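Enquirer: Before I ask anything, let me first share the structure, which is written out below as structure tokens.
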Amino acid sequence: MEKDNMESAKSTLTREAPSHTAADAKLQVAMVGCGGISEHYMRALAGIGRVAVVAAVDVREDTLAHFQQRHHVAQGFSDYKKMLSSIHPDVVCVCTPNLLHAPVSIAALEAGAHVITEKPMALSPDECELMIKTARQMKRKLGVGFQYRFHPATQMLKRAADMGQFGPVMLVRCQAMRRRGMPNWGVFGQKKLQGGGPLIDIGVHVMEMAHYVMGSPRPIHASGNIWTFAGNRPNDVPCMWPGWNWQSHDIEDLAVGQIRFDNGAVMQVEASFIAHIEKDQWNFQLSGSRGGAAWDPPQIFTNHAGTMVNITPAYLPTMDFDGLFTAKLENFVQAVLDDAPLEAPAEAGLAIQEMIDGIYRSAAAGREVDIPAR
Ligand SMILES: NC(=O)c1ccc[n+]([C@@H]2O[C@H](COP(=O)([O-])OP(=O)(O)OC[C@H]3O[C@@H](n4cnc5c(N)ncnc54)[C@H](O)[C@@H]3O)[C@@H](O)[C@H]2O)c1
């Protein structure tokens with residue numbers, strides 16, 4: 001079977017038209033990278049009536065063929081540049097390893113497509129800046145896959161922050177801590193392909209939702225430390241994802257960092273795939289002059305009628321992982337078709353990348369570093 005345009009994959013397609021290939025679809029979407037996270041994209045896109053996924057790209061022939069069969073996507077490619085010149089999609093979803101987020105996004109934008117790229121936005125702030133510049137030049141939307149800002153708890157805290165219920169936020173503590181949760185698929189243990197470990201992979205999510213709730217202040221200084229002590233040696237302790245490739249593991253196992261912002265606020269970050277802690281933590285807590293909050297469980301801490309009170313929501317909608325992907329892709333489609341504001345724009349991706357890059361630079365330098373203004 002030829003790698004590109006795998007026509008033979010079509011022979012196994014069913015004749016039924018799934019909802020994401022409806023004839024009245026307005027946006028022609030191409031998926032680049034057909035691994036784990038692309039499945040969440042496909043489930044979300046299938047529920048959004050105004051899109052049709054028309055092409056898929058993956059360098060792994062078997063992965064691509066299975067993806068095409070499963071999702072009834074007629075056009076398959078091993079080379080995203082060939083896909084762009086043959087298909088001219090309206091939208092490209094970038095779901096590759098992190099190393100490719102920038103080059104694929106830039107090529108897609110230059111080919112005239114709107115782009116939503118998975119997190120982290122890229123490997124460095126410079127790459128993010130080039131992506132933003134290209135999107136502006138091409139007058140195309142560029143979104144980042146920060147789905148946690150659509151979470152009902154994040155939205156609750158964002159509304160409270162926007163109403164001034166916390167006053168100026170002084171301190172935010174972000175935790176993305178797994179006791180033993182080193183991904184055992186893909187290339188998550190390889191620094192040159194991913195740019196780092198748990199800080200850039202999962203810390204990024206908690207940082208992005210906390211930064212969003214804080215009102216997106218500009219990061220100006222970073223300090224941090226990273227350690228590798230367990231992922232790069234054999235692990236015989238039973239865990240949820242056993243058997244990761246420890247021989248090629250060169251990322252950190254544990255990262256801590258502190259970011260100073262231009263408004264005087266400070267963010268502390270802890271991220272780990274492997275930490276000797278009681279249980280996993282996925283949370284942020286903030287403290288302002290008038291009130292504070294926690295994300296999980298969602299609570300607001302303040303004074304009321306002369307009493308310290310903890311406010312808990314009487315009702316919040318539940319939203320599972322697929323629901324978060326539906327929310328982020330619905331917002332992206334609305335931004336492209338209706339010019340709605342992007343809730344997770346590229347500028348947010350750049351700010352988070354500056355913080356992550358600052359923590360890694362500080363860890364390497366052994367001192368606090370500046371985050372230059374751009
Ligand atoms: N938003 C989230 O919650 C979330 C969760 C998991 C992963 N992610 C992100 O999604 C991205 C992919 O992660 P994953 O878990 O799907 O990894 P994965 O390894 O399962 O999938 C990546 C796919 O990209 C393919 N690929 C590699 N090089 C390619 C190329 N040149 N052209 C086309 N395809 C290529 C691989 O063959 C693989 O199938 C990463 O950036 C990751 O950080 C986001």
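Enquirer: I'm trying to understand the selection: among the residues of segment 51-79, which are within 19 Å of Val336 (Cβ to Cβ) and within 23 Å of the chain's Cα centre (by Cα)?
Expert: Those that are within 19 Å of Val336 (Cβ to Cβ) and within 23 Å of the chain's Cα centre (by Cα): Val51, Ala52, Val53, Ala55.
Enquirer: Whether any residue in segment 112-119 is within 14 Å of the chain's Cα centre (by Cα), surrounded by 17 or more Cβ atoms within 10 Å (Cβ to Cβ), more than 10 Å from the ligand (Cβ to nearest atom) and aliphatic (A, V, I, L, M) is what I want to check.
Expert: Taking every residue of segment 112-119 in turn, at least one turns out to be within 14 Å of the chain's Cα centre (by Cα), surrounded by 17 or more Cβ atoms within 10 Å (Cβ to Cβ), more than 10 Å from the ligand (Cβ to nearest atom) and aliphatic (A, V, I, L, M).
Enquirer: I'm checking my understanding of the structure. Among residues of segment 24-49 that are within 6 Å of the ligand (Cβ to nearest atom) and outside any helix (DSSP H, G or I), which one is surrounded by the fewest Cβ atoms within 10 Å (Cβ to Cβ)?
Expert: Selected residue: Gly35.
Enquirer: Take segment 168-223 and flag every residue that is within 20 Å of Cys95 (Cβ to Cβ) and among the polar types (S, T, N, Q).
Expert: Across segment 168-223, the qualifying residues are Asn184, Gln190, Gln194.
Enquirer: Of the residues that make up segment 293-300, is at least one surrounded by 19 or more Cβ atoms within 10 Å (Cβ to Cβ), over 30 Å from Trp185 (Cβ atoms), modelled with pLDDT of 95 or more and under 20 Å from the mean Cα position of the chain (by Cα)?
Expert: Within segment 293-300 (the criterion being surrounded by 19 or more Cβ atoms within 10 Å (Cβ to Cβ), over 30 Å from Trp185 (Cβ atoms), modelled with pLDDT of 95 or more and under 20 Å from the mean Cα position of the chain (by Cα)), the answer is no, since none of the residues qualifies.
Enquirer: Further question: Any idea which of Met156, Met170 is outside any helix (DSSP H, G or I), over 30 Å from Arg233 (Cα atoms) and more than 17 Å from the chain's Cα centre (by Cα)?
Expert: After ruling out the rest, the residue left standing is Met170.
Enquirer: Run down Val237, Val213 and say which single residue is touching a residue at least 12 places away in the same chain (Cβ under 8 Å) and surrounded by fewer than 21 Cβ atoms within 10 Å (Cβ to Cβ).
Expert: Answer to the selection: Val237.
Enquirer: Related question: Which strands (runs of 3 or more DSSP E) does segment 278-373 wholly contain that include 1 or more residues that are at negative phi and in contact with a Cys (Cβ under 8 Å, 6 or more places away or on another chain)?
Expert: 281-288
Enquirer: What are the residue pairs meeting all of these: first residue in segment 163-188, first residue touching a residue at least 40 places away in the same chain (Cβ under 8 Å) and within 17 Å of Gly203 (Cα to Cα), second residue basic (Lys, Arg) and surrounded by fewer than 18 Cβ atoms within 10 Å (Cβ to Cβ), Cβ atoms under 8 Å, and 6 or more apart or on different chains?
Expert: So the pair list comes out as Arg179/Lys279.
Enquirer: Also: Which of the residues that make up segment 88-98 are more than 9 Å from the ligand (Cβ to nearest atom) and either surrounded by 17 or more Cβ atoms within 10 Å (Cβ to Cβ) or in a helix (DSSP H, G or I) (or both)?
Expert: Across segment 88-98, the qualifying residues are Pro89, Asp90, Val91, Val92, Cys93.
Enquirer: Return the pairs, sorted by first residue and then second, in which the second residue is among the aliphatic types (A, V, I, L, M) and not in a strand (DSSP E or B), the first residue lies in segment 262-275 and is within 12 Å of Met214 (Cα to Cα), the beta carbons are less than 8 Å apart, and the residues are 6+ apart or on different chains.
Expert: That search, which allows pairs on different chains as well, returns Ala265/Met214; Met267/Met207; Met267/Ala210; Met267/Met214; Met267/Met355.
Enquirer: If you scan segment 352-361, which residues turn out to be buried (at least 22 other Cβ atoms within 10 Å of the Cβ) and not acidic (Asp, Glu)?
Expert: Ile352, Gln353, Met355, Ile356, Gly358, Ile359, Tyr360
Enquirer: Surrounded by fewer than 24 Cβ atoms within 10 Å (Cβ to Cβ), over 20 Å from the mean Cα position of the chain (by Cα), away from the ligand (no atom under 11 Å from the Cβ) and among the hydroxyl-bearing types (Ser, Thr, Tyr): does that describe Ser85?
Expert: Yes, satisfied.
Enquirer: Is one or more of the residues making up segment 349-363 under 19 Å from the mean Cα position of the chain (by Cα) and within 17 Å of His114 (Cα to Cα)?
Expert: Yes, the conditions are met somewhere in segment 349-363.
Enquirer: Name every residue in segment 106-145 that is part of a helix (DSSP H, G or I) and either of a type in the set (A, V, I, L, M, F, W, C) or within 18 Å of Val53 (Cβ to Cβ) (or both), in order of residue number.
Expert: Ile106, Ala107, Ala108, Leu109, Cys128, Leu130, Met131, Ile132, Ala135, Met138
Enquirer: Which members of segment 50-82 meet the condition of being in contact with a strand residue (DSSP E or B) (Cβ under 8 Å, 6 or more places away or on another chain), of a type in the set (Ser, Thr, Tyr) and either more than 10 Å from the ligand (Cβ to nearest atom) or under 29 Å from Leu199 (Cα atoms) (or both)?
Expert: Selection gives Tyr80 alone.
Enquirer: Starting from segment 128-145, take each residue that is in contact (Cβ under 8 Å) with a residue 12 or more places away in the chain and within 16 Å of the ligand (Cβ to nearest atom) and list its partners that are assigned to a helix (DSSP H, G or I) and β-branched (Val, Ile, Thr), counting only C-beta distances under 7 angstrom and pairs at least six apart or across chains.
Expert: Close Cβ pairs satisfying both conditions: Met131/Ile106; Leu142/Ile132.
Enquirer: Identify, from the list His101, His205, the residue that is within 14 Å of the ligand (Cβ to nearest atom), farther than 18 Å from Asp296 by Cβ and either modelled with pLDDT of 95 or more or assigned to a helix (DSSP H, G or I) (or both).
Expert: Of the residues listed, the single one that is within 14 Å of the ligand (Cβ to nearest atom), farther than 18 Å from Asp296 by Cβ and either modelled with pLDDT of 95 or more or assigned to a helix (DSSP H, G or I) (or both) is His101.
The values are calculated or read from the model by the stated rules, or taken from the named source; none is laboratory data. Treat the numbers as computed from the prediction; the structure is a model and nothing was measured. So basically every Cβ, Gly included, is an ideal-geometry build from the backbone, and we count neighbours across all protein chains shown.
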